[in-house]
Amino acid sequence: MDYLPVSLRLQDAPVLLVGGGTVATRKARLLVAAGARLKVVAPDITDELGSLLKDNNGSWQQRVYQSDDVNGVDITVAATSNETVNKQVYQDCRADNIPVNVVDNPPLCTFIFPSIVDRSPLVFAISSGGTSPVLARLWRRKLEQMVPAGYGRLARWAGELRERVKEAIPEEDIRRGFWETIINGPVANLFLSGKENEAERLLTQQLEETGTQAVGEVYLVGAGPGDPDLMTFKAMRLLQAADVVLYDRLVAPAIVDMARRDAERIYVGKRRAEHSLPQDQINQLLLDLALSGKRVIRLKGGDPFIFGRGGEEIELLAQHGIPFQVVPGITAASGAACYAGIPLTHRDYAQSVRMLAGHTKQGKLNIDWSQCEAENETLVFYMGLLSLEEICRQLRAHGRRADTPVALVEKGTQPEQRVLTGTLENMAEVVKREEAHGPTLIIVGDVVSLAERGLAWFSGEQEGGA
Ligand code: SAH
């Protein structure tokens, strides 16, 4: 079962702490800082625990634990080295529905203390749910190094300004954008370097400017070919800033999941047969959302400007003066070829690459085959699965060798990636036999044979990957 991450403010709640050694003392420190009124039961306690109790209105029963100690407490923590006592505490608490933590004993816990990086009021909690303390400690160390010490002060300052900013910018989405600019920009830098007055002056100025701005922004972003790790930092940052996410089926669900939790998600479809939303309506939707002040991210599979109709989507925005940004992504040709171990160019085999669209318009391919004759050029067909047979036929008719190697990469870079290989002569049969499903990419040229000579490195999750 997963843990629910919560942050407790105890506000004078009665908390039972069983045990008085160094571990118990460490927990006592945390509990007291969160406002707990501690009741300690233990034959002995450390000096530090003694003074913690004295300073914070706590009490100490100098004896061993007994079951009625849990009466009337809100939370219990057991930190004794006696397993029988620990187990008894756990059972008593369970019987009374009292949340209980037996230190370093996950099966006897209904809640756990994550390890923390403390920049109060900003607190980072790290937990592996008891599975790997080493992993949790590693991340704790990383965060300690990553988060500047002044961040606590910055958070407090932001807290003091909250109301003022709220009044100046009532619109929630715009206000969020404002805070992001402040935290990521020169205002926070000035503040963290100790120039607090200057920071405040700059913030006031930006506050006035923002209060008058109402139009949103559109980010046309390439999300790569599927593996979420292939997104760019910029794509990630904008995804987490956006109020609305528009995506289609080529964008992996794991990527859409990385949007802000409260961001609106709109699926705009685009399966071959199932155009959920016609292109002009997508364009219009982007415009309308931006006009209403939203920051909209339009996620496209691969790269937005490669067979992505990205140009069409921003044309309307440009006409209406809506600010937009375009972020390149790893296109399917790069992603699928790399993960299949097929270098698209190679000194000995291919000096150039050509990307082609293999889909048909009214049953016809729109390709100038006379341009595809050169043996030392790799051809990459997007959207070519249905016309594979015709593609192979045309290439042979235009002088490509019948034994030219061909690869079909299905769901490239994804855990289910599959690579089928053949030649111009037999590829259509291979694909028919293996029942390929989209998205697939077809790569034609001698470079394909390199994968079979040991360059294929990625095997995904399933058997059968090349
Ligand atoms: N803008 C995208 C391409 C959109 S066209 C890009 O730059 O990658 C859609 C076609 O891309 C699909 O029909 C398929 O041919 C190809 N494609 C996209 N993702 C793919 C993947 N993970 N594996 C194989 N082909 C893919």
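Quick check on the chain: helices-only [θ] at 222 nm, where DSSP H runs of length 4 and up contribute -39,500 (n - 2.57) each and the sum goes over total residues. Nearest 500, please.
On the way: 15 runs with 165 residues, N = 466.
After summing the helix terms and dividing by residue count, I get -10500 deg cm²/dmol.
Sorted ascending by nearby beta carbons within 10 Å, beginning with the fewest, 459, 81 become 81, 459.
Seen from every direction in turn and averaged, the convex hull around the alpha carbons of region 1-157 projects onto 9.9 nm². Its Cα centre serving as origin, the chain has a Cβ charge dipole (Lys and Arg +1, Asp and Glu -1) of approximately 480 debye. Once divided by 2.2 N^0.38 Å, the Cα radius of gyration of region 333-450 becomes 0.96. Comparing Cα centroids, region 101-138 and region 217-282 end up 33 angstrom apart.
For region 176-258, the equivalent ellipsoid derived from the alpha-carbon gyration tensor has semi-axes of 33, 16, 8 Å in decreasing order. Mean sequence separation of contacting Cα pairs (under 8 Å, at least six apart), scaled by the length of region 1-86, corresponds to a relative contact order of 36 percent.
Calculate the translational D of region 164-224 in whole µm² s⁻¹ from Stokes-Einstein, where the hydrodynamic radius comes from the Kirkwood formula applied to all Cα pairs, the temperature is 37 °C and the viscosity 0.692 mPa s. Mind dumping the intermediate values first?
Values: Rh = 12.7 Å.
The calculation lands on 259 µm²/s.
Think of each Lys and Arg Cβ as +1 and each Asp and Glu Cβ as -1; about the Cα centre, that makes the dipole of region 242-301 roughly 200 debye.
Could you work out the Rg to Rh ratio of the chain, with Rh taken as the Kirkwood radius (inverse of the mean 1/r over all Cα pairs)?
On the way: Rg = 30.4 Å, Rh = 27.2 Å.
Expressed as Rg/Rh, it is 1.12.
Partners of residue 432 within straight-line reach, counting lysines whose Cα lies under 26 Å from its Cα and excluding those fewer than 8 residues away in the same chain: 270, 361, 364, 411.
Over region 321-364, what per residue volume does the convex hull of the Cα atoms give, in whole Å³? Present the calculation step by step, with values, prior to reporting the outcome.
Details: hull volume 7.2 nm³, N = 44.
In region 321-364, the Cα hull volume divided by residue count equals 165 Å³.
Between residue 197 and residue 318, the simple label model (points 7 Å from Cα in the Cβ direction) yields a spacing of 4.8 nm. Counted by neighbouring Cβ atoms within 10 Å, the residues 411, 300, 166 run from fewest to most as 166, 411, 300.
Of the beta bridges DSSP finds with both residues in the chain, what % are antiparallel, to the nearest 5? Walk me through the numbers before you get to the answer.
Details: 24 of 62 bridges.
That works out to approximately 40 percent antiparallel.
Taking the Kirkwood radius as Rh and the Cα radius of gyration as Rg, region 97-203 has a ratio of Rg/Rh equal to 1.12. In summary, the lysines within cross-link reach of residue 39, defined as a Cα separation below 21 angstrom excluding same-chain residues under 8 places away, comprise 27, 54, 87.
Read-outs: derived from the displayed coordinates by stated rules, not from any lab. The shown structure was predicted, so the numbers you read here are calculated from the model rather than taken from an experiment. Because the Cβ atoms are built from the backbone with ideal geometry, glycine has one as well, and the counts that use them run over all protein chains shown.
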